[in-house]
1. Listed residues Ala151, Ala165, Ala146, Ala131; which is closer than 26 Å to Phe264 by Cα, hydrophobic (A, V, I, L, M, F, W, C) and in contact with a His (Cβ under 7 Å, 6 or more places away or on another chain)?
2. Name the residues in region 92-111 that are more than 15 Å from Arg127 (Cα to Cα) and touching a helix residue (DSSP H, G or I) at 6+ places or on another chain (Cβ under 8 Å), would you?
3. Checking the conditions here, which among Thr175, Thr171 is in contact with a helix residue (DSSP H, G or I) (Cβ under 6 Å, 6 or more places away or on another chain) and within 18 Å of Asp31 (Cβ to Cβ)?
4. Just to be sure, is Ser183 of a type in the set (Gly, Ala, Ser), surrounded by fewer than 14 Cβ atoms within 10 Å (Cβ to Cβ) and either assigned by TED's automatic domain parsing to the domain that holds Met140 or free of Cβ contacts under 8 Å to residues at least 24 places away in the same chain (or both)?
5. Checking the condition surrounded by fewer than 23 Cβ atoms within 10 Å (Cβ to Cβ), touching a strand residue (DSSP E or B) at 6+ places or on another chain (Cβ under 6 Å) and closer than 26 Å to Ser190 by Cβ, which residue from Gln88, Gln65 passes?
6. What helices (runs of 4 or more DSSP H) completely inside region 24-86 contain at least 2 residues that are out of contact with any helix residue (DSSP H, G or I) (no Cβ under 7 Å at 6 or more places or on another chain) and free of Cβ contacts under 8 Å to residues at least 24 places away in the same chain?
7. For region 88-113, give me the residue count where each residue is outside any helix (DSSP H, G or I), over 28 Å from Arg150 (Cα atoms), at pLDDT below 95 and not hydroxyl-bearing (Ser, Thr, Tyr).
8. Here is a check on your reading of the model: is Lys143 surrounded by fewer than 17 Cβ atoms within 10 Å (Cβ to Cβ) and within 26 Å of Val212 (Cβ to Cβ)?
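The values are calculated or read from the model by the stated rules, or taken from the named source; none is laboratory data. This is a predicted model, so every value here is computed, not measured. Every residue, glycine as well, gets a Cβ built from its backbone with ideal geometry; the counts of neighbours run over all protein chains shown.
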Amino acid sequence: MSQSRERLEQTLRELGILAKRSLGQNFLVSDVVIERIINQVKEFNPEELIEVGPGPGALTYFLKQMNVPLTLIELDRVIANYWREQGQNVLEEDALKLDWSRFYSDKKIVFVSNLPYQISSSIVIERSMEAPGVEHMVLMFQKEVAQRIRAVAKSEHYGLLSVIAQVFWKTEMVTEAGPRDFSPPPRVASRVLCFSRLQSEVKNRQAFLTFVKAAFAQRRKLLKKNLSGLLSQKKLTEEQLVGWITSMGFTETARAEELSPAQFVTLYKHFGFEA
């Protein structure tokens, strides 16, 4: 039996609990996967750490040994109390409803998590909307979501999440994780990615998100049709949009999936949202 599985079983006995499907709890029990995640976190030389959903502590066990301030965000009351009793700083809150600006300082913050799959895409987009903030992230995803994050234009998985993640982060793969690396095993394969914040030309991040959402609103529609609502708000004509699209080397029948993340930024700036 792996050391991490032994620690999990011991902690669950102490807590008197089982994994809750309602909270997306699949506890990591692979020593190899855990070691790769922790090694990546160490490479970023964190000055502060934030972990969402520590659960019984597969990652927390090692994170707290790094001797830097560690904040745990845990929605499960029993588990939150367990970590408080261990002397850890715990916020018993929903990571999607939390005001993350409370954490931000001039210190290098690394966010690490074996994320509940139902919140993973939202977490990435929300952290992307913050200019100052988390410097690096090491996050576990359902494999398909990880593919979407790193997908290139014109590929099957390319979309809103790909554009937002790639405009604001440099991403790399850390490791794969199969169902047997968790207890209970999920029905899907998983993948860990690391993120490093990029300097972006985009200043109004919420406006950019609105722009990209509109572009992908109906995937099979032409880009000029999906953006027609935003055009009218900006008092722009379809002819102006078509002119910009064709000047970038596309035809007027282009669809959103054809534009790279950098081309989305160029077209967005043409629209004058940054003014």
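1. Sole residue among the options that is closer than 26 Å to Phe264 by Cα, hydrophobic (A, V, I, L, M, F, W, C) and in contact with a His (Cβ under 7 Å, 6 or more places away or on another chain): Ala151.
2. Listed by number, the list holds a single entry, Glu92.
3. Answer to the check: Thr175.
4. no
5. One residue alone meets the criteria, Gln88.
6. Qualifying helices (runs of 4 or more DSSP H): 31-43, 77-85.
7. Within region 88-113, residues that are outside any helix (DSSP H, G or I), over 28 Å from Arg150 (Cα atoms), at pLDDT below 95 and not hydroxyl-bearing (Ser, Thr, Tyr) number 2.
8. Criteria met by Lys143.
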